[in-house]
Amino acid sequence: MHEWSVTQSIVEAVTRFAEEKGLKRITRVEIEVNELSQLETDIMEEAFRILAQGTPAQNAELIILKSPVHFVCKNCGYRWDLKEALRYIQEATSGHSIVDEEGTSDPPLHYLPMLVYSFLKCPKCGSRDFELENPFSVRIKSVEGERE
Amino acid sequence: MSLQVEPWEVLAEKRLSEIGETLLVGSGKGGVGKSVVSAALALALAKKGYKVGLFDLDVHGPSIPAILGIKNVRLTGSRRGLEPVPHRGMKVMSLAFLVGDNPLPLKGAAKTEVVEDIISNTDWGSLDYLVVDLPPGTGDEMLLSTRIFRRHTHRFLVVATPSIIALSVVKRLVSLLRDEKIRIAGIVENMATLPGGAPHPGSQLLEKYAETENLRVLAKIPFDETLEEVLLKGAGLENAPRFWHAVEGLAESLTGT
Ligand SMILES: Nc1ncnc2c1ncn2[C@@H]1O[C@H](COP(=O)(O)OP(=O)(O)OP(=O)(O)O)[C@@H](O)[C@H]1O
Ligand SMILES: [Mg+2]
Ligand SMILES: [Zn+2]
């Protein structure tokens, strides 16, 4: 249920933004979520509807973009995507899952996606010296609002 | 329109606003005893009855769980974030709880991201003191942590050994902290005696430096040859009596109680 705290932080960030810019209403919020965290967008949408109540963002349209991840091995040059990575990550994180109050087990990457460096090696050569093309967790891409 | 406030920062701010004071334990140099001092200080504060959190922010070699003998942790989460692990009356969070014994070969941007995520996701609740074991050096991750914590009540404890080699590193750290407007509580002189108990020849040098910089020497922690064995046995840091006694003194001088 990490979706809730992530969404909470987005609601608060855009609220602060509205205050700073003197916006009465936020009409549209576009966020980018790293595919690695496997945050569920429908939970985030629901959380946003509830958490934004009573804030300037309450009727805002929320657009969630999932940014795809690619890995490039510095050692052998191999490039791979999340689908391939997940085959290794799932096994490697299996003893490290985090259980929430609803009994759901989440991998640590759900909370800290960049911990992927602890749970993944290059599928071709086994090196951990790889680059991630999008090293971020969640970010707000744009916010639109009205002064009146 | 683009955004100045980042979501993780907003969340971090909110969490830190519930913390009475953050005690940042750092040093320019590695291996001077930041982690054992952080762990013992947190424990000493908890024993005094304060609500204490211990935050292992060392992204290179998180070692707090090993020092405290915390094993086989199953972290739990909630809608509010990651739950720190209860241990002997305090709350503890470490990256080691998330990755176990896996290597943590983090790079530039990913490293900062990990620090941001763990600061913003750990749900401490309200605390009197949060003791932070900072990563060694003055790299991105150390600067990022201090930048967040300095907006709230905080003090920085500079851990240093009396070695002449360490002194120049301490000087650079102190001048950096002053530039960054971080409140320095003073210097914690660790391994202030030689193994065997004789005073360290460099001790006076460190004291003199502290005096010229108007810094307090908060504690002189002797070399305690029983410490390694205590750690090995997982016996609790109180069982290294000379080390423990000095850290208790440090806790007293910080709290005034
Ligand atoms: N006062 C002391 N007496 C005896 N041994 C000590 C004392 N202080 C620290 N040590 C030992 O020195 C070693 C380094 O301590 P510690 O890991 O706390 O340093 P650190 O500054 O956190 O290192 P790093 O920079 O790698 O994180 C440990 O083995 C510890 O047991
Ligand atoms: Mg350490
Ligand atoms: Zn490779």
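If each residue's Cβ is checked for other Cβ atoms within 10 Å, how do B:230, A:99, B:37 rank with the fewest at the top?
Ordered by Cβ neighbours within 10 Å, fewest first: A:99, B:230, B:37.
Would you give the gap between the C-alpha center of the range B:243-257 and the C-alpha center of the range B:116-187, rounded to a whole Å?
19
Based on the mean of other beta carbon atoms within 10 Å per residue, what is the order of A:4-16, B:74-86, B:156-168, most packed first?
A:4-16, B:156-168, B:74-86
Hey, how many Å between the Cα centroid of the range B:1-41 and the Cα centroid of the range A:72-135?
Using only Cα atoms, the two centres lie 26 Å from each other.
Once a ≥ b ≥ c are taken as the square roots of the eigenvalues of the Cα gyration tensor of the range A:70-132, is the result rounded (a/c under 1.5), prolate (a/b larger than b/c) or oblate (a/b not larger than b/c)?
Verdict is prolate for the range A:70-132.
I want to check the label-to-label distance for residue B:255 and residue B:181. Put each point 7 Å from Cα in the C-beta direction and report it in nm to one decimal.
So the two model labels end up 3.0 nm from each other.
Shielding by partners for A:138-148, please: the mean number of other protein chain Cβ atoms within 10 Å of each residue's Cβ.
Per residue, the average neighbour count from other chains is 2.
Quick check on chain B: helices-only [θ] at 222 nm, where DSSP H runs of length 4 and up contribute -39,500 (n - 2.57) each and the sum goes over total residues. Nearest 500, please.
My calculation for chain B gives -12500 deg cm²/dmol from helical runs alone.
Taking the Cα atoms only, what angle lies between the long axis of helix B:203-212 and the longest principal axis of chain B, rounded to 10 degrees?
Roughly 60 degrees, rounded to the nearest 10.
If you count, for every residue in A:131-137, the Cβ atoms of partner chains within 10 Å of its Cβ, what is the mean?
Across A:131-137, the average partner-chain Cβ count within 10 Å equals 5.
Once you have all Cα-Cα distances for chain B, histogram them in 10 Å bins from zero and send the whole-percent values.
For chain B, the binned pair fractions read 7, 32, 38, 19, 4, 0, 0 percent.
Dipole of the protein assembly as shown, Cα-centred, from +1 at each Lys and Arg C-beta and -1 at each Asp and Glu C-beta, to the nearest 20 debye?
880
Under 19 Å between alpha carbons, and skipping anything fewer than 8 positions from residue A:124 in its own chain: which aspartates and glutamates qualify?
A:81, A:84, A:91, A:133
With +1 on each Lys and Arg Cβ and -1 on each Asp and Glu Cβ, how big is the dipole of chain B about its Cα centre, in debye rounded to the nearest 20?
For chain B, the charge dipole is close to 280 debye.
Counting only residues 5 or more places away or on other chains, whose amide H sits under 5 Å from the amide H of residue B:130 once H atoms are built in the peptide plane?
B:21, B:22, B:23, B:53
What pairs from B:91/B:220; A:121/B:233; B:14/B:48; B:34/B:111 go past 31 Å between their alpha carbons?
Pairs exceeding 31 Å: A:121/B:233.
With unit charges on the beta carbons (Lys and Arg positive, Asp and Glu negative) and the dipole taken about the Cα centre of the protein assembly as shown, which residue among B:124, B:32, B:66 sits farthest to the positive side?
It is B:32, whose Cα lies furthest towards the positive end.
Between the helical axis of A:82-92 and the dominant principal axis of chain A, each derived from Cα atoms, what acute angle in degrees is found, rounded to the nearest 10?
For helix A:82-92, the angle is close to 70 degrees.
Need one value for A:116-128: mean number of C-beta atoms belonging to other chains within 10 Å of its residues' C-beta atoms.
Averaged over the peptide's residues, the number is 3.
Quickly work out the residue B:172-to-residue B:212 label distance, labels modelled 7 Å from Cα along the C-beta direction, and quote it in nm with one decimal.
Spacing of the two 7 Å Cα→Cβ label points: 1.8 nm.
Laboratory data are not the source of any read-out in this text; all were calculated from the coordinates shown. The shown structure was predicted, so the numbers you read here are calculated from the model rather than taken from an experiment. Cβ: placed from backbone, ideal geometry, glycine included. Neighbour counts: every protein chain shown.
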